[in-house]
Amino acid sequence: MDRVVLVTKPSRLEELVRLHLTEGAARFVLESQGESIAPYEREDAAYRAALAEVRRQIPADLPVATVPRQDLPQFLFREKDLVIACGPDGLFANLAKYVGGQPVLTINPDPQTVAGVLMLFPPEATGRLISLVDGREYLIPATGVVFGRDPSCDIVVGSTEVSRRHASLSPSPEGYLLRDTSTNGVLVNGEPASSPSLLGKGDVLTIGDEQFRFHADSAPPPREPLATLEVVSSGLLKGRMMEVRSPLAHVGRGAHNDIIVADESVSDSHAKLQRREDGWYVVDMGSTNGTYVGGRRIEGEAPLVGAPDVRFGGVKFIFRVPDAAAAGSASPTRAIAALKVEARKATVDATTPVVSQPGLREAPKVTHAAPVKSSSRWTLMIVWLAVLILVAAGVFILMKGH
């Protein structure tokens, strides 16, 4: 991006003043027709404020070319221009005839009066990134932000694994687009991101050793819950249901987490839940009071199979995956194990010792029902036939004697 081109359109008040030469004359004409000039003045003030806000967000080192709508046919656009159109929907339709492959950002200057079918974004920055390392918040202006190792980047990530200009995130008509310009790539929710990628609310970006949570009022709506956490421990939180809407969800007491557990036993950044190809995992983030699965404190990470109880510090949950989400990411290992149990029809001896050492269960003794042999069945049938023949013969002899 070498230049910002700001495309504008005269407000209705400006057009009236141009037609009647002065604002006083325009007021007189409107009032003689039974109209008030007040709505025109309000729209004009809102439009000027929107233009000022857009200009404020453009970095000072970027040249800006302001182009009124009537000058578009004569203006020469460059390949690396970022075009910002601020005005009603018709402005974008008019602009589209003159731009080529340049990115176009559409700004709705006044949502109260402009429908915003094509002009999608308000002038103020609604997108933001929150660092999951230190909680710092970064606003995403109309021109976007650049991640990288270079000190000139908007968000500097000081790691040798990060390129000088690693990636960029900027608003577009479709939403907020992430573009990867690095060597080592960018992860979104723990998975390699394609470029460009459309971000959704709550997505987590991983760049080097840093992680950022994305939020935006105009981003696509959040996904359906992928899993749930139900509080089962006693206390004020008991019975509360918390939804896991991202394949990578952070848990902790801090406000930057996806799942906030307001309990003193929970660390600020306690753990994270991650969905992988073979199922869900919980990863402890070096918490003070630990993360437990099935009553055992984990070291590092542990798989979440079935509907296990998970405890963060002193707060215990039941982790569940909805049927629809489970069908989309079912673990093949789990399915095979279920088939094996069904095939064997095994029964466990009730006297089997439950625990032989902490956390381990002694292998149960398995007994199988003995199948009935086919030769025994045939013998039984022959005996019954013989009895029937003898009875029939006896009846025949008695009848013949009479």
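The values are calculated or read from the model by the stated rules, or taken from the named source; none is laboratory data. Since we're looking at a predicted model, the values are computed, not measured. Heads up, the Cβs are rebuilt from the backbone with ideal geometry, glycines too, and the neighbour counts pull from every protein chain shown. To get the accessible areas, we keep the full protein, side chains included, count just its heavy atoms, and leave off ligands, DNA and RNA. Shrake-Rupley method; radii C 1.70, N 1.55, O 1.52, S 1.80 Å.
For the reader, a short list of remarks on this structure follows.
- Filter result for Pro221 (at pLDDT below 80, assigned to a strand (DSSP E or B) and not polar (S, T, N, Q)): no
- Cross-chain or 6+ apart pairs with Cβ under 7 Å, the stretch 27-53 first and within 23 Å of Gly87 (Cα to Cα) and of a type in the set (S, T, N, Q), then modelled with pLDDT of 80 or more and surrounded by 13 or more Cβ atoms within 10 Å (Cβ to Cβ): Ser36/Leu30
- Extreme residue, most open to solvent (accessible area, probe 1.4 Å), among residues of the stretch 254-280 that are touching a Lys or Arg at 6+ places or on another chain (Cβ under 8 Å) and part of a strand (DSSP E or B): Ile260
- When Val251, Val283, Val310 are checked against the criterion of being part of a strand (DSSP E or B), within 17 Å of the chain's Cα centre (by Cα), modelled with pLDDT of 90 or more and β-branched (Val, Ile, Thr), Val251 stands alone in meeting it.
- When Val7 is tested against (1) surrounded by fewer than 20 Cβ atoms within 10 Å (Cβ to Cβ); (2) modelled with pLDDT of 85 or more; (3) in contact with a helix residue (DSSP H, G or I) (Cβ under 6 Å, 6 or more places away or on another chain), just one condition goes unmet, and that condition is (1).
- Residues of the stretch 49-64 classified as more than 21 Å from Pro10 (Cα to Cα) and at pLDDT 80 or above, total: 1
- Applying the criterion of being assigned to a loop (DSSP other than H, G, I, E, B) and modelled with pLDDT of 80 or more to the residues of the stretch 120-143, the residue that is most open to solvent (accessible area, probe 1.4 Å) is Arg136.
- Restricting the stretch 297-307 to residues that are within 18 Å of Ser267 (Cα to Cα) and assigned to a strand (DSSP E or B) leaves a set whose member that is most open to solvent (accessible area, probe 1.4 Å) is Arg297.
- Of the residues making up the stretch 183-208, those that are in a loop (DSSP other than H, G, I, E, B) and open to solvent by 30 Å² or more (accessible area, probe 1.4 Å) are Thr183, Asn184, Ser194, Ser195, Pro196, Lys201.
- The set of residues in the stretch 15-48 that are surrounded by 15 or more Cβ atoms within 10 Å (Cβ to Cβ) and either more than 41 Å from the chain's Cα centre (by Cα) or modelled with pLDDT of 85 or more (or both) comprises Leu16, Val17, His20, Glu23, Ala26, Arg27, Leu30, Ile37, Tyr40, Glu41.
- Residue list for the stretch 129-167, filter: in contact with a Cys (Cβ under 9 Å, 6 or more places away or on another chain) and either within 25 Å of Ser269 (Cα to Cα) or without any contact (Cβ under 8 Å) to a residue 40 or more places away in the chain (or both): Val145, Val146, Phe147, Arg164, Arg165
- When Ile318 is tested against (1) open to solvent by less than 80 Å² (accessible area, probe 1.4 Å); (2) part of a loop (DSSP other than H, G, I, E, B); (3) aliphatic (A, V, I, L, M); (4) at pLDDT 75 or above, exactly one condition is not met: (2).
- Within the stretch 251-269, residues that are small (Gly, Ala, Ser) reach partners that are outside any loop (DSSP other than H, G, I, E, B) and buried (at least 16 other Cβ atoms within 10 Å of the Cβ) with beta carbons closer than 7 Å, at six or more positions or on different chains, in the pairs Ser265/Val315; Ser267/Gly252; Ser269/His250; Ser269/Gly252.
- Long-range neighbours under 9 Å by Cβ, at least six apart or interchain, first residue free of Cβ contacts under 8 Å to residues at least 40 places away in the same chain within the stretch 198-215, second open to solvent by 20 Å² or more (accessible area, probe 1.4 Å) and in a strand (DSSP E or B): Leu198/Leu177; Leu199/Leu177; Leu199/Val188; Lys201/His215; Thr206/Leu187; Thr206/Val188
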